[in-house]
Amino acid sequence: GQNIDQPTEMTATEGAIVQINCTYQTSGFNGLFWYQQHAGEAPTFLSYNVLDGLEEKGRFSSFLSRSKGYSYLLLKELQMKDSASYLCAVRANNQAGTALIFGKGTTLSVSS
Amino acid sequence: DTEVTQTPKHLVMGMTNKKSLKCEQHMGHRAMYWYKQKAKKPPELMFVYSYEKLSINESVPSRFSPECPNSSLLNLHLHALQPEDSALYLCASSDGQGRGGNTIYFGEGSWLTVV
């Protein structure tokens, strides 16, 4: 089976830095994704990690440790528009095929 | 072009109706997915097609019937749905399976209301 855990809610202020953690247990691991989803919209791809380490993309960075089953998404210089749900998703291979399984999402609220 | 196009954007149907959701991508992706998302919940995987063949069916009720006419198109046929099936239905695609670096792109979704 697969299990993906991330905090339900987080709050932060404009200009701050926030780290959203994700832990997972899965077989056939083949990559970890972070998506951003605003209310009423589809998920938007943010980052992808398949090897250990940090991937940086502008204000967003994502880290992966496969041995610990752990990832985080780091958001810097927070803006009001960053208020959204952040979904950690694990891609896993099994005999049937490959699928992307989502965690429950972290709702981030950014205040001024 | 990293676009996955879904139609219709909104659909209201009765419990006795037959309707279809459509998804199209022209990125040459060989894997396509249907997800269902209820309010304030994460997307839940329904079906995966790989190279136009159904590879994963997550025990979805038979009132949902997927179809992949060709490598660019994915349909979801709906029949005798229940009000609890009302949700956002998301289509996604990726470049093959089991290979690293393959981002999965989502369409904007189809909002389905069953009355």
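Taken together, the values in this text are just the output of simple stated rules run on the coordinates, not laboratory data. Just so it is clear, the model here is predicted, and its values are computed rather than measured. Note that we place each Cβ from the backbone using ideal geometry, even for glycine, and neighbour counts take in every protein chain shown.
Listing for the model above:
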read-out: Ratio of the Cα radius of gyration of region A:3-64 to 2.2 N^0.38 Å, where N counts its residues; value: 1.22
read-out: In region B:28-59, the chymotrypsin sites (Phe, Trp or Tyr not before Pro) that fall in loop regions by DSSP, at most 12 other Cβ within 10 Å; value: B:51
read-out: When the protein assembly as shown is reduced to its Cα atoms, the Kirkwood hydrodynamic radius in Å; value: 18.1 Å
read-out: Pairwise label distance in nanometres, residue A:9 with residue A:67, each label 7 Å out on the Cα-Cβ vector; value: 3.7 nm
read-out: Sequence-separation-based contact order of chain A, relative, with Cα cut under 8 Å and 6+ spacing, percent; value: 36 percent
read-out: Spread of Cα-to-Cα distances over 10 Å intervals beginning at zero, given as percent, for chain A; value: 15, 48, 30, 7, 1
read-out: Region B:1-92: radius of gyration over Cα atoms, expressed as a fraction of 2.2 N^0.38 Å; value: 1.04
read-out: Average beta-carbon neighbours from other chains, 10 Å sphere, peptide A:99-105; value: 6
read-out: Relative contact order for region A:1-52, counting Cα pairs under 8 Å that sit 6 or more residues apart, in percent; value: 30 percent
read-out: Length-normalised contact order of chain B in % [C-alpha pairs under 8 Å, at least 6 apart]; value: 37 percent
read-out: Eligible aspartates and glutamates near residue A:68 by straight Cα distance, threshold 14 Å, same-chain separation 8 or greater; value: A:5, A:52
read-out: Spatial separation of Cα centroids for region B:41-115 and region A:1-49, in angstrom; value: 21 Å
read-out: Free-standing Cys residues across the protein assembly as shown, given no other cysteine C-beta under 4.7 angstrom; value: B:68
